[in-house]
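Student: Here's a structure for you.
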């Protein structure tokens, strides 16, 4: 790849891939979030909610990336100091709660995958994920960007193969699932709720925006980010419709469909992909915390945070989240915690950005 092509990738696609890496997580990749927020509205209503969420993501990512470029913010503390002034501390608190929640969800999902695939105790999968996140987060920006790139290739490839196998194995049941009676009420609320708590990923991935050079690049990268993040989910959701409505109650909807494929080799590959998705999502969230601390460290000490310190901070954060995951489980964490978080993110991020932030961007 030439330097010019590499730069175009970093400017226009890397932010979207990084955003996808943060939002895909344990609930998206396993289908649990899709079942929680979209299936209650039925297959057609759920699809409408997903399209609405995609539009919200694109608009907010474009505004976030452009505002970050304008104020030179490549960590969330600098971003919210510029957006909220002294009120930036409110986001700091909310983000720490967000990180604890999503890492707990990722840990619970990794534990469920380990138990379903290998018959291991749930804590084994959770600990394996925590160790891998600490390893990648410890090596800083370059390591994280490479992880985003290669896991993206794996993820899109596996989802494409899954779609082909699903159409072959139970494709005739998908139209029947869409045809079944089911309420479409609440699709807009489901889409907005899902979009609201996940869109915080736009500020989580600020460190990768350092490749942007002008506002139009930031806007283009933001608009592309929504479809890049949601496309695999829409394909996956369409396949879930074949098992509607029973699949809505499953802890791991992905496991239901994988068993229906009757291909053990692909079931293993898909679970490996989910683990990789959990890894990149968790690494992105932890890396944002590390970058925030590293920025303050450079101001106070005049030098960068060491790899050992980064890995140590990541490990300390992850250990606490492991106990939360073990205590509550995947379904409870997604069903309860995410809804409360969505309204918090709306109040301290979306509303200020789309009012004060846009005003500052548009004024001459």
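The values are calculated or read from the model by the stated rules, or taken from the named source; none is laboratory data. Since we're looking at a predicted model, the values are computed, not measured. Cβ sites come from the backbone with ideal geometry, for glycine too, and all protein chains shown count toward neighbours.
Student: Give 237, 178, 275 a once-over and let me know the one that is over 20 Å from the mean Cα position of the chain (by Cα) and in a helix (DSSP H, G or I).
Tutor: 178
Student: Test each condition in (1) over 30 Å from residue 82 (Cα atoms); (2) surrounded by 18 or more Cβ atoms within 10 Å (Cβ to Cβ) for residue 148 and report the one that comes out false.
Tutor: That leaves (1) as the condition not met.
Student: Here are the criteria: (1) more than 23 Å from residue 125 (Cβ to Cβ); (2) at pLDDT below 75; (3) over 20 Å from the mean Cα position of the chain (by Cα). Tell me which single one residue 340 does not satisfy.
Tutor: Result: residue 340 fails condition (3) only.
Student: Regarding residue 97, is this residue modelled with pLDDT under 85, more than 13 Å from residue 203 (Cβ to Cβ) and surrounded by fewer than 22 Cβ atoms within 10 Å (Cβ to Cβ)?
Tutor: Spelling it out, residue 97 is indeed modelled with pLDDT under 85, more than 13 Å from residue 203 (Cβ to Cβ) and surrounded by fewer than 22 Cβ atoms within 10 Å (Cβ to Cβ).
Student: Taking residue 314 as meeting all but one of (1) surrounded by fewer than 21 Cβ atoms within 10 Å (Cβ to Cβ); (2) part of a helix (DSSP H, G or I); (3) modelled with pLDDT under 80, write down the number of the exception.
Tutor: Status for residue 314: all satisfied but (1).
Student: Now for a different question. So, of the residues in the range 20-41 that are at pLDDT below 90 and either on the phi > 0 side of the Ramachandran plot or not in a helix (DSSP H, G or I) (or both), which turns out to be nearest to the chain's Cα centre (by Cα)?
Tutor: Among residues in the range 20-41 that are at pLDDT below 90 and either on the phi > 0 side of the Ramachandran plot or not in a helix (DSSP H, G or I) (or both), the one nearest to the chain's Cα centre (by Cα) is 25.
Student: Same structure again: Out of the residues in the range 1-19 that are more than 26 Å from residue 271 (Cβ to Cβ) and under 17 Å from the mean Cα position of the chain (by Cα), state the one that is modelled with the highest pLDDT.
Tutor: 15
Student: Mind listing whichever residues of the range 215-236 are farther than 14 Å from residue 20 by Cα, in contact (Cβ under 8 Å) with a residue 40 or more places away in the chain and either surrounded by fewer than 23 Cβ atoms within 10 Å (Cβ to Cβ) or in contact with a strand residue (DSSP E or B) (Cβ under 9 Å, 6 or more places away or on another chain) (or both)?
Tutor: Listed by number, the residues that qualify are 215, 217, 219, 220, 235, 236.
Student: Now for a different question. Name every residue in the range 60-88 that is part of a helix (DSSP H, G or I) and surrounded by fewer than 20 Cβ atoms within 10 Å (Cβ to Cβ), in order of residue number.
Tutor: Listed by number, the residues that qualify are 70, 71, 78, 81, 82, 84, 85, 86, 87, 88.
Student: Can you tell me which residues in the range 213-237 are more than 20 Å from residue 277 (Cα to Cα) and modelled with pLDDT of 90 or more?
Tutor: Result: 214, 215, 216, 217, 218, 219, 220, 221, 222, 223.
Student: Mind checking which residues of the range 151-162 are within 13 Å of residue 235 (Cα to Cα) and surrounded by fewer than 16 Cβ atoms within 10 Å (Cβ to Cβ)?
Tutor: Answer for the range 151-162, where residues must be within 13 Å of residue 235 (Cα to Cα) and surrounded by fewer than 16 Cβ atoms within 10 Å (Cβ to Cβ): 157, 160, 161.
Student: Tally the residues that are surrounded by 19 or more Cβ atoms within 10 Å (Cβ to Cβ) and modelled with pLDDT under 70, restricting the search to the range 317-328.
Tutor: So the answer is 3.
Student: State yes or no: is residue 103 surrounded by 18 or more Cβ atoms within 10 Å (Cβ to Cβ) and either part of a helix (DSSP H, G or I) or in contact with a helix residue (DSSP H, G or I) (Cβ under 9 Å, 6 or more places away or on another chain) (or both)?
Tutor: Answer is yes for this residue.
Student: Since residue 91 meets every condition but one in (1) at pLDDT 85 or above; (2) buried (at least 24 other Cβ atoms within 10 Å of the Cβ); (3) farther than 15 Å from residue 201 by Cβ, which condition does it not meet?
Tutor: So residue 91 meets the others, but not (3).
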